[in-house]
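Inspection log for the structure reproduced underneath, given as structure tokens.
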Amino acid sequence: MARLWLVLVLLGGVALGAPPFLYLPLDDRPPNWAPCTWGLVLCPPKAVYRGAEGADLGALRGWLLATPGAALVASLDALAYGGLLASRHLDLPAEDALARLGPLLAWKVRHGGEVLLFGVVPRFDATQRERNLRVLQVLAPWSRLRGLYLEAVWDDALRGSPAPREAQALPYPSRPGADEAGQVLLLRALSPGLRVAVVHEEAALAERTTPYEALPLEETVRRLLRSAGAEEVALENIPDLVLYVYGGKSPRGATQDLLRLMAQYPVALADLSRVNRGDAGLMGYLQALGLYGRLAAYAAWGTPANNLGSALAQGGLFLRDREGRLQRLAEAYFAYWWGEVGRPWVRGRFPEPLGEEALGVASLWPYVAWEGYRVDLKALAFPWHRSFEAEARLSLVPLPSPVHLVE
């Protein structure tokens, strides 16, 4: 057992001599699985997660109960149903789903670590909405246990969706989002108390009700900061991080804002201009002026809440880790490129489920470089055999130092 534990620690990238932080993601799609590759947490073996089929629940429970740690960030939907997709349609009584969550309390009793949990109030088309909501309601007493944090996030709340109302009726914190929730709770676990100043591209943006959230943006941000265990402060109070919220009004104006802010503070940029895609005009300015590689974080891959949460979490987690920050920026740029170039190219040529021929899209990867590194796309995969998400293996290659001729 000791040898197995050593192997697990080394594979997880967690430093020896300190209990690891455990992370049990919602599923193995890139936004959820990505933290398992960051060297900060210990995750279940990836083989336990089986794409759209859902997780092997027996193996997941076995890994959890056998693995001690200082804290655990876990998805309720992964352990109860096998993941987000399965949670929407799996025919399972609420009582059985609750029984599957018992190992979470058993882990806390056995290992004593802090537990941070999130459950999803599903979107309108889920056939098991009532069952899932019932489970979250029954779990309310857990939120009063010492050393346990519980929150609900609502997924893709289109106009008229009951999910925001249902989530906000629960007697514990709730907010929009889903796929970024694990990252945000990891920030809460690993770096609580982050001091964050929020700057909107324009004042009116704070009052805008964004697609999929059903809340004014300033309320979404407020709840996000609470989830992250962060403190909102004014710029003049010297924040640890500035979260810049871009709504798409003026790429040029936003770039001017960023130039001013980045001269004084680390800035995480959340691009909310379009759902699942970034603003090409803004990215053009960032690249041309050499600003992209200086950002603390960038996110444009998902819904507004997804992007806000990813930018905040990655900006906070890698605030003092230059190499880690540049790796996260490379991943975020790939996600931007996939939305702008990769996904449209694949969708225009190949039916789903995708086959090997769709991997030819990798040949379109551009030359990108910042902060002394070139970003190479080493490998590409479609973990769910569809074009919505792609998994990239990226490498930061040091650029040659400039040669200075001496007369």
Answer in debye to the nearest 20: the dipole magnitude of the stretch 179-232 about its Cα centre, from +1 Lys/Arg and -1 Asp/Glu charges placed on Cβ, is 280
Partner lysines whose C-alpha sits under 24 Å from that of Lys378, ignoring same-chain residues fewer than 8 away, are Lys46
In a Gaussian network model of the chain with springs linking alpha carbons closer than 10 Å, the residue among Ala206, Ala106, Ala94 that fluctuates most is Ala106
For the pair Arg320 and Leu65, the simple spin-label estimate (label points 7 Å beyond Cα toward Cβ) gives in nm 3.9
Using a 1.4 Å probe on heavy atoms of the protein chains only, the accessible area for His89 in Å², nearest 10, reads 90
Measuring from its Cα centre, the stretch 257-349 shows a charge dipole (+1 at each Lys and Arg Cβ, -1 at each Asp and Glu Cβ) which, in debye to the nearest 20, is 160
Taking the alpha-carbon centre of each part, the distance from the stretch 59-85 to the stretch 358-373 in Å is 35
Looks like the chain, by Cα gyration tensor root eigenvalues a ≥ b ≥ c and the a/c under 1.5 rounded cutoff (else prolate when a/b is bigger than b/c, oblate otherwise), is rounded
Semi-axes in Å, largest first, for the stretch 29-180 (Cα gyration tensor, √(5λ)) are 23, 18, 15
The chain accessible area per residue, 1.4 Å probe, protein heavy atoms, integer Å², reads 42
For Phe124 and Ala381, extending 7 Å from Cα along the Cα-Cβ vector and measuring point to point gives, in nm, a value of 3.6
With 0.36 nm assigned to each residue of separation and the Cα-Cα distance removed, Ala263 to Arg195 gains 22.7 nm
When every protein chain stays in place and a 1.4 Å probe is rolled, Phe388, Phe318 sorted by accessible area with the largest first are Phe388, Phe318
So, with points 7 Å from each Cα along the Cβ direction, the Val341-Leu148 label distance in nm works out to 4.8
One finds, for Leu158 and Arg50 with R0 = 25 angstrom and r their Cβ-Cβ distance, a FRET efficiency to the nearest 0.05 of 0.30
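Given an 8 Å cut-off on Cα distances and at least 6 residues of separation, report the relative contact order of the stretch 183-299 as a percent.
That works out to 26 percent.
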When the chain is treated as a Gaussian network with springs between alpha carbons less than 10 Å apart, the largest mean-square fluctuation among Ala254, Ala263, Ala197 is found at Ala263
For Lys249, counting only lysines whose alpha-carbon sits under 30 Å away and dropping same-chain residues fewer than eight positions off, the answer is none
Dividing the alpha-carbon radius of gyration of the stretch 27-107 by 2.2 N^0.38 Å, where N counts its residues, gives 1.06
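Give me the one-decimal Kirkwood hydrodynamic radius in Å for the stretch 306-352, with the sum taken over alpha-carbon pairs. Don't jump to the answer; show the numbers that get you there.
On the way: mean 1/r = 0.0825 Å⁻¹.
Mean inverse Cα-Cα distance, inverted, gives 12.1 Å.
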Projected onto their principal axes, the Cα atoms of the stretch 196-295 stretch, largest extent first, over whole-Å spans of 35, 31, 21
The farthest towards the positive end of the charge dipole of the chain, of the residues Leu76, Leu319, Ala369, given +1 on Cβ of Lys and Arg and -1 on Cβ of Asp and Glu, is Leu76
Residue-normalised 222 nm signal for the chain, counting each DSSP H run of n ≥ 4 as -39,500 (n - 2.57), nearest 500 deg cm²/dmol, is -10500 deg cm²/dmol
Per the stretch 271-407, sqrt(5λ) over the Cα gyration tensor eigenvalues, sorted largest first, in Å, gives 27, 20, 14
Given unit charges at Cβ for Lys, Arg (+) and Asp, Glu (-), the dipole magnitude of the stretch 81-123 about its Cα centre in debye, nearest 20, is 140
Once normalised by the length of the stretch 192-254, the mean sequence separation of its alpha carbon contacts under 8 Å that are 6 or more apart gives a contact order in percent of 52
Hydrophobic long helices for the chain, i.e. whole DSSP H runs reaching 24 angstrom or more by Cα along the axis with Kyte-Doolittle mean at least -1.0, come out as none
When the charge dipole of the chain is computed with +1 at the Cβ of Lys and Arg and -1 at the Cβ of Asp and Glu, the Cα pointing farthest to the positive end, of Trp301, Ala234, Leu92, is that of Leu92
Looks like the stretch 244-332, by Cα gyration tensor root eigenvalues a ≥ b ≥ c and the a/c under 1.5 rounded cutoff (else prolate when a/b is bigger than b/c, oblate otherwise), is oblate
Contour minus Cα-Cα span, His89 to Asn237, at 0.36 nm per residue, comes to 48.5 nm
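The values are calculated or read from the model by the stated rules, or taken from the named source; none is laboratory data. Keep in mind the model is a prediction, meaning the values are calculated, not measured. In this analysis, Cβ positions are derived from the backbone assuming ideal geometry, glycine residues included, and neighbour counts consider all displayed protein chains. Just the protein is used for accessible areas: all its heavy atoms, side chains included, with ligands, DNA and RNA removed. Shrake-Rupley method; radii C 1.70, N 1.55, O 1.52, S 1.80 Å.
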